[in-house]
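The values are calculated or read from the model by the stated rules, or taken from the named source; none is laboratory data. Note that the structure is predicted; figures quoted are calculated from it, not measured. For neighbour counting, all protein chains shown are included, and Cβ atoms are generated from backbone atoms with ideal geometry for every residue, glycine included. Note: accessible area is taken over every heavy atom of the protein model, side chains too, but ligands, DNA and RNA are not part of it. Shrake-Rupley method; radii C 1.70, N 1.55, O 1.52, S 1.80 Å.
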Amino acid sequence: MEQSIRFDEDLIKRYNQSGPRYTSYPTAVQFDESFGIPEYQAAAERSNASDRNLSLYFHIPFCDTVCFFCACNKVWTRDRSKTTPYLDRLYREIEMQSKLFDPNRKVDQLHWGGGTPTFINMDEMRELMTVTRQHFNLHDDDSGEYSIEIDPREANKESVKLLRDLGFNRMSLGVQDFDPKVQKAVNRIQTEAETFEVLEGAREAGFMSVNVDLIYGLPHQTEAGFMATLDKVLAVEPDRFSVFNYAHMPSMFPTQKKMNEADMPSPDEKLAILHATTNRLLEAGYVYIGMDHFAKPDDELAVAQRNETLYRNFQGYSTHAECDLVGMGATSISLINNTYAQNYKSLNDYYAAIDAGLLAVFRGVTLTEDDELRRDVITRLISHFHLNFAKVEQQWGIVFNEYFEQALPRLAPMVEDGLIELTETDLYVTAAGRLLIRNICMVFDAYLKPGTQNRFSKVI
């Protein structure tokens, strides 16, 4: 398949509305507290009858400093002793969760996220992985996709080598922007030297893939300034890039109020940054994977996309589609069988549940067959930019045109605008439509109603 994109500013401006990122379908907006521990346990029992392996996610919420732009669930503290009571509960949750799943099921995917996972010290890293291996069936080689989010201010070559020895083989480095003025405005002071030390350490340790995160739309950013950061990172040739649009939603994330909106780039300037960034990455030989992600053409994500085996979940794009996801730690989300389940968000609530000998699940949703069908359609589109109707019909026992007879007319303007090509058998997302894939997916979302989209970020 062709893995190119075409930047059409007029189309982007016309379609730049708010909408879900579809890390899940239904989205977390549909999660409900009527879903609890019994529903989760029943889903785990059903999942054991499948041939699916497991994916594990661990949420480490702590950060030494708070980045004003951050929309993650985090706990800002300089008190490193706070990790002890958290990890104690996490170990107990690991034990409780492991008892729900067949011990023969291999862990094909593992991810530490946050917060800042490397906020914990190296002894705690060893202990967390030891406890995980005691209770779950982890790979002893690199056949699993074991990844971690890294803040270079909280890592060095020594800790990176330890992570590799513990089994991690992929990492994502947070950079955002090297401009000192931008860094000061967002409260993230991070030198180029400490960033590249970690990246170099990852290569020396034998990490299979290194991703770099950049964010556009922050205070004082300009096209020229952002390109300066991009060129510095391109010089060290990371395997992947994630180039995120900053979503300013201070009513939901109060620390964002600490940034001055007047200092943020205008919508036109943001588009200029995105346009220039896209061109520079394509010129450098990267291909567009989708949803802000770029990768080298020989990267496993790019290969999986061409083979239409790519998958997307809460951990981003993945080559391991057929896994049940067990989320552990405060606020983490699981995808087990046909359910999503979320843990308590606050540490107090999370601790209280674990101390009572209970799982920390407090809300979720059981998917209907319609939910699962639509999730499959959206996942195929967002991962492959292609939808073969016969494959969907065979999988779900439907006639595609009849099942989606109300949705399909909404694709007509997208055909006319050149976002998609529609034949009797297939839907193809064009090079011009790939940046607007969220808009195309929204056509198949049964939950989006007028007035509900403002809960989500802008698509560009």
Cut-off 15 Å, label point 7 angstrom out along Cα-to-Cβ of Asp231: give me the residues of the stretch 167-198 whose amide nitrogen falls inside.
178-179
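Per 0.36 nm of contour for each residue apart, how much would the distance between Met249 and Glu127 grow if the chain were fully extended, relative to their Cα-Cα spacing? Spell out each step's value before the answer.
Working: separation 122, 0.36 × 122 = 43.92 nm, distance 3.70 nm.
Extra length available between Met249 and Glu127 comes to 40.2 nm.
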Let me know the shape class of the stretch 364-460, please: from the alpha-carbon gyration tensor, a ≥ b ≥ c as square roots of the eigenvalues, rounded when a/c is under 1.5, otherwise prolate if a/b is greater than b/c, or oblate.
oblate
Sequence neighbours fewer than 8 away in the same chain don't count; with that in mind, list the lysines whose C-alpha is under 19 Å from Lys391.
none
Sequence of Asp32, Asp426, Asp8 when ordered by accessible area, the most exposed leading, probe 1.4 angstrom:
Asp32, Asp8, Asp426
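Below 8 Å between Cα atoms, with a sequence gap of 6+, how large is the relative contact order for the stretch 176-272 in percent?
Values: 95 pairs, mean separation 33.5, N = 97.
It rounds to 34 percent for the stretch 176-272.
Might you tell me the accessible area per residue for the stretch 343-460, computed with a 1.4 Å probe and given in Å²? Display every interim value, and only then the final one.
Details: 5380 Å² over 118 residues.
Accessible area per residue: 46 Å².
What number comes out for the charge environment of Asp151, summing +1 per Lys or Arg and -1 per Asp or Glu over other residues with Cβ under 12 Å away? Before the final figure, lay out each step's value.
Values: positive: Lys74, Arg153, Arg188; negative: Asp64, Glu149, Glu154, Glu194, Asp213.
Around Asp151, the charge tally is -2.
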How fast does the stretch 1-89 diffuse by Stokes-Einstein, in µm²/s, taking the Kirkwood radius from C-alpha pairs at 37 °C and 0.692 mPa s?
176 µm²/s
If you roll a 1.4 angstrom probe over the protein chains with everything in place, what fraction of the accessible area of the stretch 176-327 belongs to carbon and sulfur, to the nearest %?
51 percent
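Dipole magnitude of the chain about its Cα centre, charges +1 at Lys/Arg Cβ and -1 at Asp/Glu Cβ only, in debye to the nearest 20?
Values: 47 positive and 68 negative charges, 220 e Å.
Result for the chain is approximately 1060 debye, rounded to the nearest 20.
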What is the distance in Å between the Cα centroid of the stretch 215-234 and that of the stretch 343-381?
36 Å
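R0 = 56 Å: FRET efficiency of Leu282 with Tyr447, Cβ-based, nearest 0.05? All intermediate terms of the calculation are to be shown ahead of the outcome.
Numbers: r = 34 Å, r/R0 = 0.61.
With R0 = 56 Å, the Cβ-Cβ based efficiency is 0.95.
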Before I look further, what does the stretch 167-216 give for accessible area per residue, probe 1.4 Å, in whole square angstrom?
35 Å²
If the reach is capped at under 23 angstrom between alpha carbons, list the lysines near Lys184, excluding any in the same chain fewer than eight residues apart.
Lys74, Lys232, Lys257, Lys258, Lys270
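Can you give the charge dipole size of the stretch 1-157 about its Cα centre, rounded to the nearest 20 debye, using +1 on the beta carbon of Lys and Arg and -1 on the beta carbon of Asp and Glu?
So the dipole magnitude of the stretch 1-157 works out to roughly 300 debye.
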How far apart, in nanometres, would the label points at Thr368 and Lys99 be if each is projected 7 angstrom from Cα along the Cα-to-Cβ direction?
3.5 nm
I need the helices of the chain that pass two filters: whole DSSP H segments spanning 27 Å or more by Cα along the axis, and mean Kyte-Doolittle score no lower than 0.0.
none
Identify the GluC sites (Glu not before Pro) of the stretch 7-65 meeting these criteria: DSSP loop state and at most 14 other C-beta atoms within 10 Å of the C-beta.
Glu33
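What is the sum of charges, Lys and Arg at +1 and Asp and Glu at -1, for the other residues whose Cβ falls under 11 Å from the Cβ of Arg375? Show your work: numbers first, answer last.
Details: positive: Arg312, Arg374, Arg380; negative: Glu369, Asp370, Asp371, Glu372, Asp376, Asp445.
Neighbour charge sum, excluding Arg375 itself: -3.
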Out of all DSSP beta bridges in the chain, what portion is antiparallel? Express it as a percent rounded to 5.
40 percent
Once you place label points 7 Å from the Cα toward the Cβ at His386 and Ala321, how far apart are they in nm?
1.2 nm
Coarse-grained scattering of the stretch 132-271 at q = 0.12, 0.16, 0.19 Å⁻¹, given as base-10 log I(q)/I(0) from a Debye sum over alpha-carbon atoms:
-0.56, -0.87, -1.08
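I need to check one value: relative contact order of the stretch 232-339, counting alpha carbon pairs closer than 8 Å and at least 6 residues apart, in percent. All intermediate terms of the calculation are to be shown ahead of the outcome.
Working: 83 pairs, mean separation 19.1, N = 108.
Averaging sequence separation for qualifying contacts and normalising by length gives 18 percent for the stretch 232-339.
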Taking the Cβ of Arg52 as the center, what net charge do the other residues with Cβ under 12 Å away carry, scoring Lys and Arg +1 and Asp and Glu -1?
-2
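Based on the alpha-carbon gyration tensor of the stretch 43-92 and its eigenvalue square roots a ≥ b ≥ c, which shape applies: rounded if a/c is under 1.5, prolate if not and a/b is larger than b/c, or oblate? Provide the component values of the computation, followed by the final result.
On the way: a/c = 4.51, a/b = 2.02, b/c = 2.23.
Oblate, because a/c is 1.5 or more while a/b does not exceed b/c.
Contour minus end-to-end for Ala49 and Arg6, with contour as 0.36 nm per residue of separation and end-to-end as the Cα-Cα distance?
Values: separation 43, 0.36 × 43 = 15.48 nm, distance 4.45 nm.
Value of the extension gain: 11.0 nm.
Given an 8 Å cut-off on Cα distances and at least 6 residues of separation, report the relative contact order of the chain as a percent.
Working: 799 pairs, mean separation 103.4, N = 460.
22 percent.
Using a Förster radius of 45 Å, what is the FRET efficiency between Lys345 and Val399 based on their Cβ-Cβ separation? Nearest 0.05, please. Walk me through the intermediate numbers first.
Numbers: r = 42 Å, r/R0 = 0.93.
Once the sixth-power term is evaluated, E becomes 0.60.
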